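First the structure, in the form of structure tokens, and then the observations on it.
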Amino acid sequence: MKKVYLCMTGDILHHGHINIITEATKYGEVIVGLLTDEAIASYKRIPLLNFEQRKRIVENIKGVSRVIPQRTLDYTENLEKIKPDYVIHGDDWREGIQKHIREKVIETLKKWDGKLIEVEYTKDVSGSLLDEKIKKIGTTPEVRLKQLRKLIELKPFVRAIEASNGLTGLIAENTKVVKDGQVREFDAMWVSSLCDSTMKGKPDIELVDLTSRINTINEIMEVTTKPIILDGDTGGLKEHFVYNVRTLERLGVSAVIIEDKMGLKRNSLFGTEVVQVQDDPQNFAEKINAGKKALLTKDFMIIARIESLILKAGIEDALRRAITYIEAGADGIMIHSKEESPKEVVEFCEEYKKLDFRVPLVVVPTTYNSITEEELSSYGAKIIIYANHLLRSAYPAMKKTAETILENGRSLEAEKYCASIKEILTLIPSEGI
Ligand code: SPV
Ligand code: MG
């Protein structure tokens, strides 16, 4: 019997999939290459069902003879193994980001005279259309909370960007580019104390209190589905922190990052220009530990941020603290630096790699911005945060517009710096009218 190969995610099934499988059965035995969780996470959201659950479903679809894992979007590995007579796919992949995958399939099949069968794409339904619909329905606190740990597990690294209100939340949620044939987007949002404070015209000194920070978080949550990492400053008093982590956990925040400083907290990027005091490591470890004990779920993450490099206390000190905080139960370590060169962060990463017991490593390449994500990831960084770039790019643009209006006594000249009225009116569509 001839062999027919097709690739699926099997996460959200629709009649288009059944059409393809039914068509495939006309050509021979149907073997499904089911994308692994990692392969799905590499190009779109993490799957709702895990590989085993999806496998069970697809195995039970009439006409499917066998289900095997497909570990990459590229079919080559499985095709070489199975040498199918046919590969079947909808004709929608001739253009767009799957085009190069299709070309490689055709090339590979040629080696044993295999053929590609393309069936007419089922109109009005597609995985991405259904994904959009699901996104519109929104998410629940529990589902959102769990996402960060899943992303850490499934992706080489998690890419987060600052979100400080609904609008920047939407940018973090929806911005996509296609690069090297793959869709690139942000995985998570960072609710920065610097940006949240600055947006309110306040200094970044823990003056904007948690009630206000929660308002910001809620505003972001209203219009997004991606996981949230909160910049929790110093975490405050241990006695308060134990309550606050539970509030955040209940809201569906995925992680809080607290920094090992005490007293009046100043922004790290001031470095040693201002007085900043690092907490005693044992004290800070106790705060982490108390927070961990207060949590109700295993999903919420308390990440310890080490300020040793900021305060010129050295890599040794940073490493010792990392060990202490991990022993206290920290779910992640953030190493911060305000050097222009990535050298000290890279050195820390390399030493950190040698520790027996590690947790995911977080970096914030604001000042050392020449290093790429791929490089940071190769040194072991698991979460990479772009901490303030939306605010920093919006501010000069807004200021320029205000100055241009003043200079000209009218707004005509400022128009070139502005989005059109039409663009703004349609940026956020209203439902149901
Ligand atoms: C923030 O974004 O508020 C941070 C990161 O804490 S940094 O500003 O670099 O200290
Ligand atoms: Mg901060």
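The values are calculated or read from the model by the stated rules, or taken from the named source; none is laboratory data. Since this is a predicted model, take the numbers as computed values, not measurements. Positions of Cβ are generated from backbone atoms using ideal geometry, with glycine treated the same way; all protein chains shown enter the neighbour counts.
Observations on the model:
- Enumerated strands (runs of 3 or more DSSP E) restricted to region 317-401, each holding at least 1 residues that are within 30 Å of Leu412 (Cβ to Cβ) and without any contact (Cβ under 8 Å) to a residue 24 or more places away in the chain: none
Per-residue answers, yes or no, for (1) within 16 Å of ligand 1 (Cβ to nearest atom); (2) of a type in the set (Val, Ile, Thr); (3) surrounded by fewer than 19 Cβ atoms within 10 Å (Cβ to Cβ):
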position	(1), (2), (3)
Glu316	no, no, yes
Asp331	no, no, no
Met334	yes, no, no
Glu351	no, no, yes
Pro365	yes, no, no
Asn369	yes, no, yes
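- Residue within region 252-261 that is more than 23 Å from the chain's Cα centre (by Cα), within 15 Å of ligand 1 (Cβ to nearest atom) and in the same structural domain as Val143 (by TED's automatic domain parsing) present: yes
- When Thr224 is tested against (1) away from ligand 2 (no atom under 16 Å from the Cβ); (2) farther than 30 Å from Leu167 by Cβ, only condition (2) is not met.
- With respect to the stated conditions, Thr272 is away from ligand 2 (no atom under 16 Å from the Cβ), out of contact with any strand residue (DSSP E or B) (no Cβ under 8 Å at 6 or more places or on another chain) and at pLDDT below 95.
- Scope region 391-412; condition within 25 Å of Thr372 (Cβ to Cβ) and either modelled with pLDDT under 95 or away from ligand 2 (no atom under 15 Å from the Cβ) (or both); matching residues: Ser393, Ala394, Pro396
- Verdict on Val242 being in contact with a Lys or Arg (Cβ under 8 Å, 6 or more places away or on another chain), assigned to a strand (DSSP E or B) and away from ligand 1 (no atom under 16 Å from the Cβ): no
- Checking each residue in region 236-269 for being away from ligand 2 (no atom under 12 Å from the Cβ) and of a type in the set (Gly, Ala, Ser) picks out Gly236, Gly252, Ser254, Ala255, Gly263.
- Hey, Gly235 in a loop (DSSP other than H, G, I, E, B), over 19 Å from Lys150 (Cβ atoms), in the same structural domain as Ile383 (by TED's automatic domain parsing) and at pLDDT 95 or above or not: yes
- Where Asp233 falls short, out of the listed (1) away from ligand 2 (no atom under 14 Å from the Cβ); (2) at positive phi; (3) in contact with a strand residue (DSSP E or B) (Cβ under 7 Å, 6 or more places away or on another chain): (1)
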